[in-house]
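The values are calculated or read from the model by the stated rules, or taken from the named source; none is laboratory data. These numbers come from a predicted model, not from an experiment. Methodologically, a virtual Cβ is constructed for each residue, glycine included, from the backbone with ideal geometry; neighbour enumeration extends over all protein chains shown.
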Amino acid sequence: MKKIIFLLILAVIPFIVSAQQITKFAVVDTAQVYRAYFRESSAVRNYEAKKAEFQQEITELTQELKNLQTKKIEAQNRNDSTQVFRLESEISKKATYLTEYTRAKNIELENLEKRLESSNDFYSLLYSVIAKIAESDGYSMVLSLQQADAVLWYSPSVDITEKVITALATER
């Protein structure tokens, strides 16, 4: 009888141990992975070049406005009301143009950035790499740090971001 009970206990122990297994979670910073993965891509270089070009144009337009403001002050000091009126009109037109230009270029840059970030090929590869790492390291769930309201705290020991970046680099 004792042998039967002992064998029963031995048979049940693995089920008890597996039922008490702790679920492992991991987190990944997908924005950091994205930046690391696309750092050298031509699409990102193109985006950065356009961004620099737009910023240079905005800087030049802003400098033109400053020069006009200086000329206006000089005309005011000379009591040249005709010149002051003409410069005020020109300043107003250029300021409006600068505002509209900046708004349009920011929208263009945002659209380029969204297209880069929503690359289906990238995300398919990203999810595949995350799945491989999660399965090989025994994680039951991987959370994205971009949904900050879902992750209130995490230990750096469960952050697999660098593993994902390294794995993506080898997938290229």
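Condition (residue is at pLDDT 80 or above and over 22 Å from the mean Cα position of the chain (by Cα)) applied to the stretch 101-121: is it met by at least one residue? Working first, answer last.
Applying the first criterion (at pLDDT 80 or above) to the stretch 101-121 yields 101-112.
Next, from what is left, pick out any that are over 22 Å from the mean Cα position of the chain (by Cα): 101.
Scanning the stretch 101-121 turns up at least one residue that is at pLDDT 80 or above and over 22 Å from the mean Cα position of the chain (by Cα).
Could you list all residues from the stretch 55-84 that are farther than 23 Å from T102 by Cβ, surrounded by 14 or more Cβ atoms within 10 Å (Cβ to Cβ) and among the hydrophobic types (A, V, I, L, M, F, W, C)?
A75, V84
Of everything in the stretch 144-157 that's of a type outside the set (S, T, N, Q) and under 19 Å from A36 (Cβ atoms), which residue is modelled with the highest pLDDT?
Narrowing the stretch 144-157 to residues of a type outside the set (S, T, N, Q): 145, 148-154, 156.
Filter once more, so that each one left must be under 19 Å from A36 (Cβ atoms): 145, 156.
Details: L145: 77, P156: 74.
Only one residue tops the list, namely L145.
If I filter the stretch 34-54 for residues that are more than 27 Å from I130 (Cα to Cα), basic (K, R), assigned to a helix (DSSP H, G or I) and out of contact with any Leu (no Cβ under 9 Å at 6 or more places or on another chain), do I get at least one hit? Don't jump to the end; show me each part of the working.
As a first pass, look at the stretch 34-54 and keep what is more than 27 Å from I130 (Cα to Cα): 46, 48-54.
Subsequent filtering for residues that are basic (K, R) retains 50-51.
Those left that are additionally assigned to a helix (DSSP H, G or I): 50-51.
Checking the rest, the ones that are also out of contact with any Leu (no Cβ under 9 Å at 6 or more places or on another chain) come to none.
No, there is no match, as no residue in the stretch 34-54 is more than 27 Å from I130 (Cα to Cα), basic (K, R), assigned to a helix (DSSP H, G or I) and out of contact with any Leu (no Cβ under 9 Å at 6 or more places or on another chain).
Can you tell me how many residues within the stretch 17-30 are at pLDDT 75 or above and among the hydrophobic types (A, V, I, L, M, F, W, C)?
As a first pass, look at the stretch 17-30 and keep what is at pLDDT 75 or above: 24-30.
From what's left, among the hydrophobic types (A, V, I, L, M, F, W, C): 25-28.
Total meeting the criteria: 4.
Consider I130 carefully, then state whether it is of a type outside the set (S, T, N, Q) and touching a strand residue (DSSP E or B) at 6+ places or on another chain (Cβ under 6 Å).
Numbers: of a type outside the set (S, T, N, Q): yes; touching a strand residue (DSSP E or B) at 6+ places or on another chain (Cβ under 6 Å): yes.
So I130 passes the test.
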